[in-house]
Structure formats: structure tokens, C-alpha cells
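Asks: Just dropping this structure here.
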Amino acid sequence: MFGTAVRQLGYAWSMMSGRRFRLRDVNALADDMRVTLETFGSPGEGADDMLAGSDPELQEDLTRRRLRRTVRHAAAESPYYRRWFETNGVDPGSITPATLSTIPPTSKADLRGMPAAFVSDRARPVVLAHTTGTTGTPTMVWFSAYEIELMSSMSALALMLAGNLRSADLWANAISSRSIAQILTERAVTRTGAAFVHLGAVDPAVALDRLATPMHVPGKHPQITQLNVTASYLAALVQEAERGGWQAGDFGLSTIWSGGEVLTDALRVRAEHTFGAQVRDGYSMTEIAPVGGRVCADGHLHLPADQGLVEILDPVTLRPAEPGAVGTIVVTPYSTYRDTTLLLRYVTGDLVRVLRADEQPSCALAALPATSRVLGRVSPGGLTTRDVLDVLQAEHALPLPTRWSLEGSLLYVVAGKSDAGLLGRLEERAHGLPLDGIVLVETADDLPAPCRLRADLLELSFERGL
Ligand SMILES: [Zn+2]
């Protein structure tokens, strides 16, 4: 127990000072937590504090210190920011949360155009991750062994404490293997003592078979208990399960982790009914890891402040978005966690709405900063991906995953076979949205513009039709 206390001190010291973690402290903490859970079944009192981080009164001082170190590293070590600070004659030591806006935000195009310019001179890159964005060319982000090990062990702690993951669980990843999340999740899950299954983003029918098939391995639940998916792939699984007559009792799932795309309440409820599991929504992105968010029961996205500085900026002016307005998430990940690809004020392009004063959270995560859930993209008319999906996914007659596109203010929706009442019902649901009309089409080929979903990033397998 004395060893644990010392490691907790080491961990807390890094959290407070913004300096690098000693990996053996963090790894040992995760291992101690696993043993505690295996022995006593619960994490023990005060364990939550380790993740919740600091007293709110300290937060401001911590933010200032962490930011100062991060800016200093970026300005000294990365060619891109070194050049900017030199050209503009700005002293990196002068940057505080109040003056951070002096530094122009870094766009995806900046990073995509010259990924190496953001890599620290002192880095030891070991893994190159590709983003799986649906807008075109992937962004490449380098990671070091330190980053991967640190993020995995911290994520293992979070999965055990907040995610209730136990060593009897079987976790299946059905996300793109190119994502850094694949590596991090595998390491995090196995560190908790749970088993990891490389399911892959395979044909949904194959995935359902695997989920339903008992594994018969010692010390584990009979079937896969945890499933990690993108929202559109979850939609494809729901569709296939309904089509194939699967029932919740066919599966042993307890939690489905959804991320990477807009998850509507309608899809969440339908998936929970289909699989008899709780669906948890989260937010993460390769470039800004380990900064990420959790969606609470009240439907806020909570973005903890201790792994990076989060700003919500107007998508056009890149000035702070007003309460009630839509803004893009802009993140400066702290150098405590990131020592390879260094980013200051990275514009994620993911839109959220800033909460108004009368919407301040009173949920279980109220201590953590909150926004609306991710809204997706926004049309020139002000329509967000979430607005559209809320309307379409409430309608069970439409095929999943939902496919649509806009042409001006006309919404084109893939509806499969024609259904007389469907259009009327959708028009009723869409009342009040900035739309001139809805056009139902039969297949995705009939849409005026492609509707790209992560569910389309399927991996081939030989299992079907053999
Ligand atoms: Zn909340």
C-alpha cells in the first residue's frame, strides 16, 4: 500500500506541475487498481479523485502553468511554431490563457499540408496514425512510445473507474484499424485485465454472429460484453439485427461505446433496445488526444480541462462563441501528455453549441466544463447534421445507416422502397427547420452529393457467402 501512495504522489505531482509523468508510476497505478478491483470488487474510497483531478480553485493556476510549458515546448521545438514566434516577435513566455488568442488557430489544412513541421525536434516518433475523416485526405499524426503508454494507462484507469470495466469483460473493437484509438484501446483494455477482441469494422452480419457466439474462455463472461463502434456502424448493426430477427437475449453486451460521429437519442434508444446494452457516447480525435469528452445523462458533452485547453470559437471569425451560439472545438493539448506532434489552438471543425447561462449543468459531471453534444457540420442555412439526423432517425421506416444530402435548402433522403405516409411524417417532424422541402430517393446513388459515413470504411472478410 505504501508503494501505491508514493505512486499516487508522483502522479499527482505531474498533474499539478505539468511536467512529464513517470510511466512506471502511471502503469503501476493502473495495475494496482486492477488488483484492487479483482480482490475487493470496488475501487475503494477516494479513487475517483485521481481522475477528477483538482480542486476548482486551483484550476486557473494549473491551466496557466500547463499552458506556459506547452507553448514554450511548441515555440522551441516545432519548426512551424518556432517560425511563427520568431517572425512575429512574440515571447512564448508571455502567453497566458488571456493572451493565447494572440497565436492564430492552427487549421487541419496547416497540419495536413506539412505534418513534419509540427513534430518536435526532440521527439522520438514511433507510430504514425491516420485520421479517418470523411472529408477527404487523411491527416497524419506522429506519436511517441511515451504518449502511447501514458494515454493507454490513463485510459485503463478511466475505463476501470468511470467505465466499470472489469477483468471478466470481453471488449470488441469494430473501428478502423488505422486509427490511433485501435492501439490505445487495445493497450488500455488489456491493462485492465479484460480481454480484447479484434473484431474489425467487418460486414454487420458477420459482426452480429461474432457478438452472439459464446467464447468459452476461462475467467471471462461467455460472450462479448463491450463493443466499441462509430455511430453509423452502430446504425448498420441495428438495421442488420432487425432484419435478421436478432433479439437482445442473443447477445451478452452490457455497454456499447459510440464515438466519432453524431449519435442521436433516437438511434441510442433503438440500439439499447436491440442489444439490451447501455450505449455511451463520447468524443475524441486523433490530433487532440488524450483530450476528449463524455456525454452525460442530461445530454451535455463534458470536456475535462486537465489534459488540454479547450476553446469554443465561432467557426467563421474564430473569436470566442457567445452563449447559445454554435462554435467549433479548438484544443491545445498539454505537453505533459504530448511530446511529438505539438499543436496550439487546433481547430477540430467539430461543432457544438455553447450553453446559455440558464442551461448550466446540474448533472453528475457538473464540475467539468460542458457544451452541447457534437452537432456535426452546419449548412449555410444553419442546419446541423444533428438537426437532420434527429428528424430522420426518429422514423423507423427509413433504412439505417441514415443517408442524406442537401442541395440548397432541399433535403434528399435515402428511403429505399416508396412509402406513402413517410414523406408526410418527415415533413411534420422537420417543421421549423430551415428547409424548403424533403425529397425521398431510393438509393445513395440518387443523392445530389455523396453521403460519407464511417460505416462505409468496412474491412473485407471471407466469412460471408462461403
Ligand atoms: Zn452534464
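Asks: Assess whether Phe118 counts as being hydrophobic (A, V, I, L, M, F, W, C), under 20 Å from the mean Cα position of the chain (by Cα) and modelled with pLDDT of 95 or more.
Replies: When the stated conditions are applied, Phe118 does not pass them.
Asks: Consider segment 91-115. How many of its residues are part of a helix (DSSP H, G or I), under 24 Å from the mean Cα position of the chain (by Cα) and touching a residue at least 12 places away in the same chain (Cβ under 8 Å)?
Replies: Number satisfying all stated conditions: 5.
Asks: Also: Just need a number here: residues in segment 401-415 that are without any contact (Cβ under 8 Å) to a residue 60 or more places away in the chain and surrounded by 14 or more Cβ atoms within 10 Å (Cβ to Cβ).
Replies: Result for segment 401-415: 10.
Asks: Shifting gears a bit: Tell me whether segment 382-400 contains one or more residues that are surrounded by 18 or more Cβ atoms within 10 Å (Cβ to Cβ), under 19 Å from the mean Cα position of the chain (by Cα), within 16 Å of the ligand (Cβ to nearest atom) and among the charged types (D, E, K, R).
Replies: No; the residues of segment 382-400 include none that is surrounded by 18 or more Cβ atoms within 10 Å (Cβ to Cβ), under 19 Å from the mean Cα position of the chain (by Cα), within 16 Å of the ligand (Cβ to nearest atom) and among the charged types (D, E, K, R).
Asks: With the checklist (1) of a type in the set (Asp, Glu); (2) away from the ligand (no atom under 16 Å from the Cβ); (3) free of Cβ contacts under 8 Å to residues at least 40 places away in the same chain in hand, flag the one item Glu359 doesn't pass.
Replies: Single failed check for Glu359: (2).
Asks: When you go through (1) in a helix (DSSP H, G or I); (2) more than 28 Å from Ala212 (Cα to Cα) one by one for Thr137, which number turns out not to apply?
Replies: Of (1) in a helix (DSSP H, G or I); (2) more than 28 Å from Ala212 (Cα to Cα), only one is false for Thr137: (1).
Asks: While we're on this one: Sort out for me the helices (runs of 4 or more DSSP H) sitting completely within segment 151-262 that have 2 or more residues that are surrounded by fewer than 23 Cβ atoms within 10 Å (Cβ to Cβ) and in contact with a Gly (Cβ under 8 Å, 6 or more places away or on another chain).
Replies: Where helices (runs of 4 or more DSSP H) fall fully within segment 151-262 and carry at least 2 residues being surrounded by fewer than 23 Cβ atoms within 10 Å (Cβ to Cβ) and in contact with a Gly (Cβ under 8 Å, 6 or more places away or on another chain), they are 204-212.
Asks: I need the full set of residues from segment 170-185 which are more than 17 Å from Gly282 (Cβ to Cβ) and at pLDDT 95 or above, in order please.
Replies: Leu170
Asks: Another one. Quick check on this structure: which one of Ser335, Ser258 is in contact (Cβ under 8 Å) with a residue 60 or more places away in the chain and either within 23 Å of Leu211 (Cβ to Cβ) or more than 16 Å from the ligand (Cβ to nearest atom) (or both)?
Replies: Ser335
Asks: Also: In this structure, is Gln239 within 30 Å of Ser372 (Cα to Cα), among the polar types (S, T, N, Q) and under 20 Å from the mean Cα position of the chain (by Cα)?
Replies: Against the criterion (within 30 Å of Ser372 (Cα to Cα), among the polar types (S, T, N, Q) and under 20 Å from the mean Cα position of the chain (by Cα)), Gln239 does not qualify.
Asks: Counting only residues that are within 16 Å of the ligand (Cβ to nearest atom) and of a type in the set (D, E, K, R), how many does segment 278-293 have?
Replies: Summing the residues that are within 16 Å of the ligand (Cβ to nearest atom) and of a type in the set (D, E, K, R) in segment 278-293 gives 2.
Asks: Here's another thing I want to ask about it. Scan segment 345-370 residue by residue and report those that are under 11 Å from Cys296 (Cα atoms) and among the polar types (S, T, N, Q).
Replies: Ser362
Asks: Where residues in segment 263-273 are surrounded by fewer than 23 Cβ atoms within 10 Å (Cβ to Cβ) and free of Cβ contacts under 8 Å to residues at least 40 places away in the same chain, which of them is farthest from the ligand (Cβ to nearest atom)?
Replies: Among them, the one singled out is His273.
Asks: Got a number for residues in segment 332-356 being within 17 Å of Leu375 (Cβ to Cβ) and of a type in the set (Val, Ile, Thr)?
Replies: Summing the residues that are within 17 Å of Leu375 (Cβ to Cβ) and of a type in the set (Val, Ile, Thr) in segment 332-356 gives 4.
Asks: In this structure, does Val310 turn out to be in contact with a strand residue (DSSP E or B) (Cβ under 8 Å, 6 or more places away or on another chain), modelled with pLDDT of 95 or more, within 16 Å of the ligand (Cβ to nearest atom) and closer than 24 Å to Ser379 by Cβ?
Replies: no
Asks: Let me ask you something else. Can you find a residue in segment 453-460 that is out of contact with any Asp or Glu (no Cβ under 9 Å at 6 or more places or on another chain), of a type in the set (D, E, K, R) and at pLDDT 95 or above?
Replies: No, the conditions are met nowhere in segment 453-460.
Asks: Could I ask something else about it? Any residue in segment 174-191 that's touching a residue at least 24 places away in the same chain (Cβ under 8 Å): show its pairings with residues that are of a type in the set (D, E, K, R) and assigned to a loop (DSSP other than H, G, I, E, B) at Cβ separation under 6 Å, as long as the two are six or more apart or on different chains.
Replies: none
Asks: Thr106: surrounded by 13 or more Cβ atoms within 10 Å (Cβ to Cβ) and at pLDDT below 95, yes or no?
Replies: No, not satisfied.
Asks: Additional query: Among the candidates Val354, Val330, Val378, Val347, single out the residue that is in contact (Cβ under 8 Å) with a residue 24 or more places away in the chain and within 16 Å of the ligand (Cβ to nearest atom).
Replies: The conditions single out Val354.
Asks: Could you check segment 393-417 and list, in sequence order, the residues that are in a loop (DSSP other than H, G, I, E, B) and either on the phi > 0 side of the Ramachandran plot or among the small types (Gly, Ala, Ser) (or both)?
Replies: Ala394, Ala397, Gly408, Ser409, Ala415, Gly416
Asks: Take segment 294-307 and flag every residue that is in contact with a strand residue (DSSP E or B) (Cβ under 7 Å, 6 or more places away or on another chain) and either away from the ligand (no atom under 16 Å from the Cβ) or without any contact (Cβ under 8 Å) to a residue 12 or more places away in the chain (or both).
Replies: Hit for segment 294-307 is Gln307, nothing else.
A quick yes/no check of all residues on (1) modelled with pLDDT of 95 or more; (2) out of contact with any Ser or Thr (no Cβ under 7 Å at 6 or more places or on another chain); (3) buried (at least 22 other Cβ atoms within 10 Å of the Cβ):
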position: Val291; (1), (2), (3): yes, yes, yes
position: Asp298; (1), (2), (3): yes, yes, no
position: Leu301; (1), (2), (3): yes, no, yes
position: Ala305; (1), (2), (3): no, no, no
position: Ala325; (1), (2), (3): yes, yes, no
position: Ile329; (1), (2), (3): yes, no, yes
position: Thr332; (1), (2), (3): yes, no, yes
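The values are calculated or read from the model by the stated rules, or taken from the named source; none is laboratory data. Everything numeric in this text was worked out from a predicted model, so none of it was measured. As a convention, Cβ positions derive from the backbone with ideal geometry for all residues, glycine included, and neighbour counts pool all protein chains shown.
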